Amino acid sequence: MKRLITQYLRRCTVPGAPAASPLAPPADTALAMARTPSHTPDLPSRPTPELVLTDAPRPCDTAAISNALDRFNTDITGIDDRRPLAVLVRDPGTRRILGGLTGRTSLGLLFIDLFHLPPELRGSGLGSKILHRAEEEGRARGCQAAALYTISFQAPGFYERNGWRRIGEVPCAPAGTSRVFMTKEL
């Protein structure tokens, strides 16, 4: 209970304000309120936040959400291990990126977000090498498992040949297509 109250106080305290911020009751008051089930704390009224729908969020907007969620997860778990991961395929002559894999590791799990190779690089074993390199890095970072989703017309067979297993599917467009969720123990 004390941990929950501490988290509440942390969220309600204005950064840089003294502990007796008008947004957060003193700790002893918060504890007393928590012991009194019928008491509902009076929260100051705030303007209703504006909702903005966009198909082009700015990178700083996306980062604000990601960073806030990362802080929340760290506060709850005490673990701050989120790191991006990429295995890139680069043209040796032009140095241009031709394809590869992007993802991240967090809380002991490797997430594969994007994986693409152009048709001329498929079927040579390069895709399996990229995937195995990402899995090895996940293990090196302490990951116990990995997760991804692909689309039924993309590469579920490729992942299955590399030891991944299906854990669920969700239908999507076009008809007969689905998002295929997969996992693998590392």
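Which of the trypsin sites (Lys or Arg not before Pro) across segment 83-182 are loop residues per DSSP, with 12 or fewer other Cβ within 10 Å?
Passing both the DSSP loop test and the Cβ count: R95, R96.
Please report, in debye to the nearest 20, how large the charge dipole of segment 124-186 is about its Cα centre when each Lys and Arg carries +1 at its beta carbon and each Asp and Glu carries -1 there.
Here the size comes out at about 60 debye.
Taking only protein heavy atoms and a 1.4 Å probe, what accessible area per residue, in Å², does segment 84-142 have with all protein chains in place?
I get 59 Å² per residue for this part.
How much length is gained if the chain between T77 and E160 is pulled fully straight, taking 0.36 nm per residue apart and subtracting their Cα-Cα distance, in nm to one decimal?
26.7 nm
The values are calculated or read from the model by the stated rules, or taken from the named source; none is laboratory data. All of these numbers come straight from a predicted model, not from anything done at the bench. Please note: Cβ atoms are built from the backbone with ideal geometry, for glycine as well, and neighbour counts cover all protein chains shown. What goes into the accessible areas is simple: the full protein's heavy atoms, side chains included, and nothing from ligands, DNA or RNA. Shrake-Rupley method; radii C 1.70, N 1.55, O 1.52, S 1.80 Å.
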